[in-house]
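Beneath this line is the structure, given in structure tokens, with notes to follow.
FYI, it's all coordinate maths here, none of it is from the lab. This structure is a prediction, so every number in the text was calculated from the model and none was measured. All Cβ positions, even for glycine, are placed from backbone atoms using ideal geometry, and neighbour counts span all protein chains on display.
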Amino acid sequence: MTVTPAQTQTLLAAVTLVATVGTVVWLAMALVARIAPRASLAMACANAAAAAALTLHSLRGALPDAVTYWPGDVLAVASFALLAAAVSDITARQLAWRAGAATVAVSAVLLFGLPYEGDLRWHSRIVGLASAGLMMMAGLQARQALSGRGDGRLSPLPLTLPLFLIAVLLGARAVETLVNPGHTPDMRVPTEFNLVFLWGALVLTLLQNATLAFLVMMRLILRIERLLQHDPLTGTLNRRAFDKALEDAHAAFLLGRGYALVMIDMDRFKQLNDTLGHAAGDAALRQMVQELRPCVRDVDRFGRLGGEEFCVLLPDTDLAGAALVAERMRMLVDAAPLRWLEQDWPLSASFGIAEAERGDTWGTTVLARADAALYRAKGQGRNVVQA
């Protein structure tokens, strides 16, 4: 197969163009649309560094060596460090930059100590292996983060595959300098390896940008879903989301899986609002929810039904278990007064509990029993648990 200089130079220009367009798109997402701005800005910088590195590589011989060689190689490693940081922010909500920064610094020192004349294979190995290591690390971290979410819409393998393929491609470039020691590491040289490498780089640059854009949009969608399902004041499920959880739990109950409900109503909430103001009332609700959260398991569903009334759905729990949970909740709320305007305001709540029983056709029937128990608790003087 005959490879012409025009083919490699055209592919090099194409990869540079894709990275440049990616820079503009990610900058627009970060600064204009404000979609995951931190991750989008990191991706814009990664694409910009890649485009600059490829441009300097193309200009070797046309500009002074001090401008094109060492800066271009350092920018190449930096582009993958920035890409790894963006991946960590998108998948794990944490901008992990220290390992990437250390890799860039070490690579820069090693490259600076090598003369840029004659044999440049060691330069290619340093750039290739450092970049491949960054991509492999980013792929493993992203896979772990996505696997931990348990969301079927975000399968780890297809979303992290481009990162592993980029690592393989970069590693292959380092290995090629050992297999064919007589070949120059210059990507403009018309060799079959350079042709395959540049085609792979073009496809993977497009694929990686598209994959991360998809992840950013999915994160935005999940955030919108959370806003639609949660109460903005307390962070608990809103009434619509809780009703759906109750419906699902009752469907499971009809198949043999029991559940119980704990209804919660803050005592003398109107008096607190009238005396201290609505801001204090909001603070009291947030504090009560915060005190109750240690009693709520991952499988439980904690919702705000309206005003100062909340409900906790406890799967696989009977009436005795619900009573223990409710009593612990009552003690926690009672032990933590609200500190407001340099004074303490005592807080307490009343609790009504009920469990699903044979003959309950709907979850609302169980909810009505728990609500009736709550009103009995209020009638008994408040700050008690009633079944």
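Proximity of backbone amide H atoms, modeled 1.01 Å from N, is registered between Tyr259 and Asp316, Thr317, Ala356 at under 5 Å, excluding neighbours fewer than 5 places apart on the same chain.
On alpha carbon coordinates alone, what is the Rg over Rh value for region 5-226, Rh being the Kirkwood radius? Walk me through the numbers before you get to the answer.
Numbers: Rg = 17.4 Å, Rh = 17.7 Å.
A ratio of 0.98.
Rank-order 197-207, 228-238 by packing density, defined as the average count of other C-beta atoms within 10 Å over each peptide's residues, highest first. Could you put the intermediate results ahead of the total?
Values: 197-207: 18.7, 228-238: 16.3.
Descending mean neighbour count gives 197-207, 228-238.
The fraction of Cα-Cα pairs per 10 angstrom bin, counted from 0 for the chain, comes to 5, 19, 20, 14, 13, 12, 10, 6, 1, 0 percent, rounded to whole percents. Measuring nothing but how far apart in sequence close Cα pairs (under 8 Å, 6+ apart) lie, relative to its length, region 239-386 scores a relative contact order of 30 percent. Once the Cα-Cα distance is subtracted from the 0.36 nm per residue extended length, the Lys378 to Glu342 segment shows a gain of 10.1 nm.
Within the chain, what's the longest stretch lacking GluC sites (Glu not before Pro) that sit in DSSP loops with no more than 10 other Cβ atoms inside 10 Å? Each step should come with its number before you reach the end.
On the way: sites that count: Glu117, Glu342.
Counting at most 10 other Cβ atoms within 10 Å as exposed, the longest clean stretch of the chain is 118-341.
Note the full-extension length gain between Thr275 and Ala6 as 0.36 nm times their separation in residues minus their Cα-Cα distance, in nm to one decimal. Please report the intermediate quantities before stating the final value.
On the way: separation 269, 0.36 × 269 = 96.84 nm, distance 8.05 nm.
Net length gain for the segment: 88.8 nm.
For region 239-386, the alpha-carbon coordinates run over 53, 29, 23 Å along the three principal axes, in decreasing order.
Scanning the chain for helices, which whole DSSP H stretches are 24 Å or more long along the axis (Cα) and average -1.0 or more by Kyte-Doolittle? Walk me through the numbers on the way to the answer.
Numbers: long enough: 5-27 (33 Å, 1.30); 37-58 (31 Å, 0.85); 65-92 (40 Å, 1.15); 121-149 (42 Å, 0.19); 156-179 (33 Å, 1.71); 192-229 (55 Å, 1.25); 363-379 (25 Å, 0.05).
Result, helices passing both filters: 5-27, 37-58, 65-92, 121-149, 156-179, 192-229, 363-379.
Amide H to amide H, with H built 1.01 Å from N, Trp340 comes under 5 Å of Trp345, counting only residues 5 or more places away or on other chains.
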